[in-house]
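Notes follow the structure.
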Amino acid sequence: MPTPAFRRPLAAAGLLAGLLAVTAADPSVAAVPDDSVGRVLKADVAFLQKNLADAKAAKWGSPLRGVALNVAAYAAASKDAVLLEQANKVLAALAGKKPDVAAALSVAKAMAPKGGAGGKLDVPAGVTADIHDVMNVFALERSGGQNIDKDLKTQSKAVTDVALAELIAARSAAAGVYTLKAEVEFDAGKKTKAKWEKWSQDMITASEKAAAEAAKGAKANKADVAKSLSSLLGSCNACHEVFRD
Ligand code: HEC
């Protein structure tokens, strides 16, 4: 079971929006190639449409919210206001103990990402995230997640599917920006803010590198992608060892 500390949402995200001026030098945002933004949006919208229509959808509230969070982040990055609003509606429909799957599905069905024009990835104004939902995107497919935990382990050894590697990287970059800005209860022992921020930033940096190379498709250097994915996996493991109870 998750600890209460991690269930607290990024409550102040909306209120702080005006203060969180994003500049090119801001280390707390991620950069993903424009083409990857387009492709991850297409894949994640399709994922929402498929899984929200699944008989198990009601049980998959957490990973579905996590994927909607990533759609929101990428919609904001690509300045697609319509899609951002739709992602927020899906999040609202899936909030609480009894997710309104039918309402979420009808919104998701109307989603048509423009994609293409990428931008800096950050926590969008007005969006609140729960670290449990952010992490559940990585969970196994049969648990409603995107199987990233498992696929990352194999692709980091040897990249057999560049398109999959690109999606893993883009999704992890989005998770990284949410993680970096999550409200977490730190302590004076092992669970320090500095460590949390370092591993979140490491997750972002490795994801950016993997996405930049994998976005080249058939021309990508697979060994380089695997190397970046391996660093990415290192950041997952380092953080879990200390912060995952
Ligand atoms: C900065 C810290 C941090 C990083 C980096 C991180 N995680 Fe997590 N992860 C957590 C915490 C904390 C939890 C427990 C969250 C909860 O359930 O409240 C968690 C939980 C999970 C879970 C279980 C889902 C759940 O919440 O029940 C999976 C799967 C997971 N992480 C995968 C990954 C993968 C894959 C990566 C790297 C690509 C990663 N994580 C990177 C902190 C991190």
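Remark: Arg171 falls outside the filter, which requires a residue to be more than 11 Å from the ligand (Cβ to nearest atom), within 30 Å of Lys97 (Cβ to Cβ) and in a helix (DSSP H, G or I). Screening Gly126 against (1) of a type in the set (Gly, Ala, Ser); (2) away from the ligand (no atom under 12 Å from the Cβ); (3) buried (at least 20 other Cβ atoms within 10 Å of the Cβ); (4) under 24 Å from Glu85 (Cα atoms) leaves a single unmet condition, (3).
Filtered by the rule that a residue be hydrophobic (A, V, I, L, M, F, W, C), in a loop (DSSP other than H, G, I, E, B) and either free of Cβ contacts under 8 Å to residues at least 60 places away in the same chain or within 16 Å of Lys56 (Cβ to Cβ) (or both), the stretch 97-111 gives a lone residue, Ala110. A search for C-beta distances below 8 Å between a residue of the stretch 22-37 that is under 11 Å from Leu121 (Cα atoms) and any residue that is modelled with pLDDT under 55, counting only pairs 6+ apart in sequence or on different chains, returns Val29/Val22. Please go through (1) of a type in the set (S, T, N, Q); (2) more than 15 Å from the ligand (Cβ to nearest atom); (3) in contact with a helix residue (DSSP H, G or I) (Cβ under 8 Å, 6 or more places away or on another chain) for Ser106 and return the number of the only condition it doesn't satisfy. The failed condition is (3). Somewhere in the stretch 185-201, is a residue away from the ligand (no atom under 11 Å from the Cβ) and under 16 Å from the mean Cα position of the chain (by Cα)? No, because not a single residue in the stretch 185-201 is away from the ligand (no atom under 11 Å from the Cβ) and under 16 Å from the mean Cα position of the chain (by Cα).
Per this entry, Ser143 is not counted among residues that are at pLDDT 95 or above, touching a Leu at 6+ places or on another chain (Cβ under 6 Å) and more than 8 Å from the ligand (Cβ to nearest atom).
Scanning the stretch 67-82 for residues that are over 18 Å from Lys181 (Cβ atoms) and of a type outside the set (D, E, K, R) yields a total of 4.
Entry remark, the stretch 130-176: residues being without any contact (Cβ under 8 Å) to a residue 24 or more places away in the chain and under 12 Å from the mean Cα position of the chain (by Cα) number 0 in total. Of all the criteria given as (1) in contact (Cβ under 8 Å) with a residue 40 or more places away in the chain; (2) under 17 Å from the mean Cα position of the chain (by Cα), the one not satisfied by Val225 is (2).
Rundown of residues vs (1) farther than 22 Å from Glu183 by Cβ; (2) modelled with pLDDT under 95; (3) hydrophobic (A, V, I, L, M, F, W, C), yes/no style:
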{"site": "Val22", "(1), (2), (3)": "no, yes, yes"}
{"site": "Glu85", "(1), (2), (3)": "yes, no, no"}
{"site": "Ala92", "(1), (2), (3)": "no, no, yes"}
{"site": "Ala108", "(1), (2), (3)": "yes, no, yes"}
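Of all residues in the stretch 129-140, those satisfying the criterion of being crowded, with 19+ Cβ neighbours inside 10 Å, near the ligand (Cβ under 9 Å from one of its atoms) and in a loop (DSSP other than H, G, I, E, B) are Asp130, Val137, Phe138, Ala139. What do you reckon, is Glu185 assigned to a helix (DSSP H, G or I), in contact (Cβ under 8 Å) with a residue 12 or more places away in the chain and surrounded by fewer than 24 Cβ atoms within 10 Å (Cβ to Cβ)? Answer is no for this residue. The numbered conditions (1) closer than 28 Å to Gly126 by Cβ; (2) near the ligand (Cβ under 8 Å from one of its atoms); (3) in a helix (DSSP H, G or I); (4) touching a helix residue (DSSP H, G or I) at 6+ places or on another chain (Cβ under 6 Å) are all true for Tyr178 except (2).
The values are calculated or read from the model by the stated rules, or taken from the named source; none is laboratory data. Computed from a prediction, not measured in an experiment: that's the story for all the values here. Here the Cβ is made from the backbone with ideal geometry for all residues, glycine too, and neighbour counts use every protein chain on show.
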